[in-house]
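As C-alpha cells, the structure follows; a few thoughts come after it.
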C-alpha cells in the first residue's frame with residue numbers, strides 16, 4: 001500500500017508523539033519545521049476555546065514557513081483526540097479540528113467509526129494507537145487509516161508486548177500506515193523500526209528534553225539523567241498501565257517498588273484539580289529509551305542528530321551487506 005501523499009514532506013520517517021501537558025504550539029511548530037510530524041493532545045489547550053487559537057497559529061506559521069522555504073516545506077501536524085467517556089470536550093474539539101482541517105488526527109483510548117468518517121470528510125488521515133493485535137483489528141474495522149503500535153518500553157500509557165511481536169502480527173494482515181512506539185531515541189532505532197515493518201518511528205520522551213517543550217525544568221533534567229532502570233510501569237495513576245520516571249514517583253511520597261493496583265474508574269480527562277499526585281502533572285511519564293538523551297537542546301538540533309544517525313546506520317548496514 002502506498003502511504004498517503006501527506007507524508008511525502010517528511011525529512012525523516014518520524015512522528016513526534018503527543019505529550020500530555022508538554023506539547024504545545026512551540027514544540028509542534030519546531031518539529032514540523034525540522035521535518036517530522038509534530039503533534040499535541042487537543043486537551044492541552046485549556047480552556048477549549050484556546051484550541052482554535054493554537055490551530056490558527058500552527059497553520060499560519062507553517063504556511064509562512066512553506067512560502068519562505070519552498071525547497072524544504074514543513075511536515076504536517078497532528079492533533080490527538082482522547083476517545084474516552086471522561087473526555088467531555090471531544091465533540092467540541094473535533095469541530096474545531098474540522099474548522100482548520102487538521103491534516104492528521106491521532107485517536108487514543110477508543111476507536112469510533114463516526115470520528116474517522118468526520119476526519120475523512122475534510123480530507124484528513126486518522127491514526128489509532130493500540131497495544132495489541134486485537135485492538136488493531138478493531139481500529140481498522142472502524143475506519144482508521146493507520147495504526148500506532150505502542151509496544152513495551154514506550155512512555156506514558158504503554159503496552160507489554162515486544163515491538164517485534166506486535167509489528168509482526170499486524171503486518172500479517174495490514175499493509176497500511178504503521179508507526180512504532182517504544183524506546184526509540186536514535187536514528188539507528190528509527191531505521192530498525194522500518195526494518196521490522198513499520199513505516200514510521202513514534203518518538204516522545206526525547207522531545208521532553210527540548211527547549212520548546214512545556215515541561216518543568218526538573219522533568220527535563222530527569223529525562224537527561226535517567227536510564228531505562230529509572231522507569232516504573234504501573235496502572236495506579238490512571239487505571240491504565242503506563243511508564244513513569246521513578247524520581248517523580250518518589251517525589252510524590254510513594255514507593256515506586258510497592259505501588260498498589262489502580263482502577264480504570266480513576267481515569268479522568270475532565271481537567272479537575274486534586275491535591276493527590278496526578279499524572280501527568282506530578283507523576284512524569286517517560287519511555288525506557290532516555291539513556292541516550294544527554295542534554296536539553298533545541299528540537300532542530302535533536303532532529304539533525306537523528307538524521308545523521310539514521311543515515312550512518314543505513315550506510316553501516318549497506319557496507320555489511
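Grab the Cα-Cα distance for residue 214 and residue 227, subtract it from 0.36 nm times how many residues apart they are, and report the gain in nm with one decimal.
Result: 2.5 nm gained on full extension.
With each label point set 7 Å from Cα along the Cα-Cβ vector, what nm distance links residue 308 and residue 250?
In this crude label model, residue 308 to residue 250 measures out at 3.3 nm.
Subtract the Cα-Cα distance of residue 319 and residue 61 from 0.36 nm times their separation in residues, and report this length gain in nm to one decimal. Please report the intermediate quantities before stating the final value.
Details: separation 258, 0.36 × 258 = 92.88 nm, distance 4.12 nm.
So the chain would gain 88.8 nm between residue 319 and residue 61.
Could you sort 124-133, 189-198 so that the peptide with the highest average Cβ count within 10 Å comes first and the rest follow in order?
Output ranking for 124-133, 189-198: 124-133, 189-198.
Using a basic spin-label model with each label point 7 Å from the Cα along Cα→Cβ, how many nm lie between residue 257 and residue 168?
3.4
Which percent, to the nearest 5, of DSSP beta bridges fully inside the chain are antiparallel?
20
Gap in Å between the Cα centre of region 288-303 and the Cα centre of region 209-254?
15
For residue 120 and residue 196, FRET efficiency with R0 = 30 Å and r from the beta-carbon atoms, rounded to 0.05?
0.60
Normalised by the residues of the chain, what does the relative contact order come to in percent, with Cα pairs under 8 Å and at least six apart?
Normalised by residue count, the contact order of the chain is 17 percent.
Is the shape of the chain best called rounded, prolate or oblate, per the rule: a/c under 1.5 gives rounded, else a/b larger than b/c gives prolate, else oblate, with a ≥ b ≥ c the square roots of the Cα gyration tensor eigenvalues?
Judged from the Cα gyration tensor, the chain comes out rounded (a/c under 1.5).
What is the Cα centroid distance between region 85-156 and region 1-69, reported in whole angstrom?
Answer, in whole Å: 16.
Based on DSSP H runs of at least 4 residues, each adding -39500 (n - 2.57), what is the mean residue ellipticity at 222 nm of the chain after dividing by all its residues, to the nearest 500 deg cm²/dmol?
Mean residue ellipticity, 222 nm, calculated: -11000 deg cm²/dmol.
Where a number appears in this text, it was derived from the coordinates with a stated rule and is not lab data. Only a predicted model underlies this, so the values are computations on that prediction, with no experimental measurement involved. A quick note on method: Cβ atoms are made from the backbone with ideal geometry, for glycine too, and the neighbour counts reach across all protein chains shown.
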